[in-house]
């Protein structure tokens, strides 16, 4: 490996334990565990008082260099459900100082005493950089074209709630893969959970190289659509028109849009997903977006529970645990051990001594 | 003119373009006055176990003065150069103001005269490097400028490049090109490939460099001009240059140490220290560059030393300025990556870092054979000394070093510029 | 670390057999009914994970004694992970989803757990219960009280009082109760 300096290696190691920067950093067990813990928070959300004291006294900061009211509110709600305090800095409210470097911003905020920072930025890699400059837990809420891990988790959770296990399921990701952090995260989470992923897009909207991912590629949506359990549509942005990537929105919709006719040809039980906000009439016909098979509003609802699970796991569980979490495979013996906090502490000390 | 004390460099392996011999060198009044055995002098430099070579010549260094003196000055860049064994550097013109007229050339040369290294400068091909209008090359040539480049960017317009070649060749001047087709590289920040896809960063394909190499080879054939290709980074470029040379064309080319040491995988953690133009490429490109240097189709190693302030390199990857330091590390990297890898001998590396670049730049005082009468521009290298590169303690005013933590071998012990011992025992003397 | 807390439970002695468990449950069921003058307002909440099976067994026993329709006595489950006082100090993860589908207002809630030790789990359970409503009363039923309380918590119904040393472990299943310790792997 070429020239990874020692400091970076240390940060990388730390990054994999205290942060959620990318789905690629999680192994299958960790993903399954986060989805399992999401069930608990779905239940919390249904209570008359949807609140638990788990993260009382912790502070979670929203650091949104790129606007997204919906994602920010979802994270804020998720934090408040855990009784954490929240602070919000966003470009739209001008609470982020223009001209101040990202590093200075995070160091100033950290001086106020924070436990976690949720970051969204239009440049890929900023959450990873921030993780080098703070000891707080960093959660990537979307960085450039790179990753949107909590979106992928809520998408996987929603798909599973309809289809059961995703092992062997066929999932089509349709649209502007090249510029989509949602696509990158979803490719990784769906393949990690055993699904077969097919990318459907004109070649201009595919990444330059697909060798990093075990995916199929097709330019023929009509051929792929009847074979899939999930049709996941990506937003087609207006800006792409000026970059010679597709000739026109009309041509895009004709070739890759989920029209009523195409939606009719989907298999029974197949679902339609979209990260929102939808361009009705472009990537999805307006009428199709309102069908029962379109689960877009469920995705949004699940987002809060997923984000609570992530916050709790990072701040409450101490770290994302790999296959060392025997919790799901424990015998009842170890469960009665776990319910006993003092004993566990003694054992932890004993552990360190050996 | 200060008269430096007579110095004898004893017991070294004397390597130059004619081969290797062992012996002593006596320097007096800025020149080599004797080469042989048992020589005596006022100052004694023990070169036992060391290589004594003509000083290295860097064809490509950004000294940032005038305009960005907080990142580097001609003085500090010169110090970094001599620590790396360089007795001459060729400064790039993308300063503020651009080095595109006699006045700025004069300023740079004057600052260079006071420094510890022999600082030469390129001139821009176009005014302001804007790619629209030819710069006054004759006026700059009158001050001694021999190489012209718009480095930082390539000349995009075909017709303008043709005219520049015709005009320059008429004056016996050399054009050097930073090969990058802007329409393919605009908005990108790394090599387009598996890593750019994975990292979600816009990348430029190898073709954005190769298309301009192809064009310039064709135009050079058309105009008969001498063209030097800067910082070649792709397998395709190396192949194009080899083919052009095979046809007997007068083209030369350089590669930077980072392109035979690092790949695009280094961008994994979004550390903009690894951001550079042309970008770090794939492993197969790296191998091709090594092979081309070994075969001689790439003539020279040039550092493309590019200082940047720490806060600029902490910007998001796509916003950070491109460039990395190189003057103090190039020789050690060449020994570690090229000689230890078995691709080249130490003598071949020195050819690529000393006498061949001296010839390309038209620097008659450098890269000379170690014989009586030549100007004493030398370096003494301990080829067996192992050391670990770190970001602190360098002479450059900046710290953007991508090799931190890398173990290398080969350290410059002493450097002599026109008879003055500017580096002694690894320390700059002024 | 490949297993949490770095060890495996090793039993040293058997304290109760399956029949002892059943007898204890029978007695406790009678005590619950006696204290509460019947079963009309009862809701049982089994604490995950050790108290769930016991809660179902206790409910079945009460239904049997009172000749109620099997399954008519409300039984809920509660995972207290989100209410623990050691979150962030050591890894805490919810094991199961809490299921309390009944209105707790004005009811008598009987918390059911396998082992009562420091009392911290019950303290967390009380906080959770209060989030769900305002019970008329909260009582505590445990199969084994092993001592070493750190909070002012006391059980109302106990299967067996078992003095233990701090480092020992108590393992409760429907097949019996074992006393042992953790062997580090």
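The values are calculated or read from the model by the stated rules, or taken from the named source; none is laboratory data. Only a predicted model underlies this, so the values are computations on that prediction, with no experimental measurement involved. So basically every Cβ, Gly included, is an ideal-geometry build from the backbone, and we count neighbours across all protein chains shown.
Considering (1) away from chain B (no Cβ under 14 Å); (2) modelled with pLDDT under 95; (3) in a helix (DSSP H, G or I), the lone condition that residue A:135 does not fulfil carries the number (3).
Among the listed residues B:112, B:67, which satisfies the condition of being in a loop (DSSP other than H, G, I, E, B) and over 22 Å from residue B:255 (Cβ atoms)? Working first, answer last.
Working: B:112 fails: in a loop (DSSP other than H, G, I, E, B).
Checking each option against the conditions leaves just B:67.
Selection over the stretch A:287-334 of residues that are more than 9 Å from chain C (Cβ to nearest Cβ), at pLDDT below 95, assigned to a helix (DSSP H, G or I) and more than 17 Å from the chain's Cα centre (by Cα) gives a count of 1. Total residues in the stretch A:179-230 satisfying the condition of being touching a helix residue (DSSP H, G or I) at 6+ places or on another chain (Cβ under 7 Å), part of a helix (DSSP H, G or I) and within 14 Å of chain B (Cβ to nearest Cβ): the figure is 4. Mind checking which residues of the stretch C:46-65 are under 22 Å from residue C:125 (Cα atoms), over 8 Å from the mean Cα position of the chain (by Cα) and modelled with pLDDT of 95 or more? Correct list: C:53, C:56, C:57, C:58, C:59.
The criterion of at least 3 residues that are within 30 Å of residue A:186 (Cβ to Cβ) is met by the following helices (runs of 4 or more DSSP H) wholly inside the stretch B:159-231: B:194-199.
The set of residues in the stretch C:27-57 that are buried (at least 20 other Cβ atoms within 10 Å of the Cβ), touching a strand residue (DSSP E or B) at 6+ places or on another chain (Cβ under 7 Å) and farther than 18 Å from residue C:104 by Cβ comprises C:28, C:50, C:54. Taken together, B:255, B:244, B:197 contain a single residue that is in contact (Cβ under 8 Å) with a residue 40 or more places away in the chain and either crowded, with 23+ Cβ neighbours inside 10 Å or at the interface with chain A (Cβ under 9 Å from one of its Cβ atoms) (or both), which is B:255.
Of the residues making up the stretch B:258-287, those that are more than 22 Å from residue A:147 (Cβ to Cβ), in a loop (DSSP other than H, G, I, E, B) and away from chain A (no Cβ under 11 Å) number 4. Screening A:52, A:117 for residues that are modelled with pLDDT of 95 or more, within 26 Å of residue C:92 (Cβ to Cβ), crowded, with 23+ Cβ neighbours inside 10 Å and touching a strand residue (DSSP E or B) at 6+ places or on another chain (Cβ under 7 Å) leaves exactly one candidate, A:117.
Among the residues of the stretch A:245-286, those identified as without any contact (Cβ under 8 Å) to a residue 24 or more places away in the chain and assigned to a loop (DSSP other than H, G, I, E, B) are A:247, A:248, A:268.
Is at least one residue of the stretch A:99-108 under 25 Å from residue A:180 (Cα atoms) and modelled with pLDDT under 95? Checked against the condition, which is being under 25 Å from residue A:180 (Cα atoms) and modelled with pLDDT under 95, the stretch A:99-108 yields at least one hit. Considered as a group, the residues in the stretch C:80-103 that are more than 7 Å from chain A (Cβ to nearest Cβ), without any contact (Cβ under 8 Å) to a residue 40 or more places away in the chain and more than 20 Å from residue A:80 (Cα to Cα) include one that is surrounded by the fewest Cβ atoms within 10 Å (Cβ to Cβ), and that residue is C:101.
Filtering the stretch A:55-69 down to residues that are touching a helix residue (DSSP H, G or I) at 6+ places or on another chain (Cβ under 6 Å) and facing chain C (nearest Cβ under 10 Å), which residue is surrounded by the fewest Cβ atoms within 10 Å (Cβ to Cβ)? Among them, the one singled out is A:58. Can you find a residue that is over 22 Å from the mean Cα position of the chain (by Cα), closer than 30 Å to residue A:40 by Cα, surrounded by fewer than 15 Cβ atoms within 10 Å (Cβ to Cβ) and modelled with pLDDT under 95 anywhere in the stretch A:248-255? Looking for residues that are over 22 Å from the mean Cα position of the chain (by Cα), closer than 30 Å to residue A:40 by Cα, surrounded by fewer than 15 Cβ atoms within 10 Å (Cβ to Cβ) and modelled with pLDDT under 95, one finds none in the stretch A:248-255, hence no. Could you identify the single residue in A:47, A:81, A:17, A:72 that is modelled with pLDDT of 95 or more and within 14 Å of chain C (Cβ to nearest Cβ)? When all the criteria are applied, what remains is A:81.
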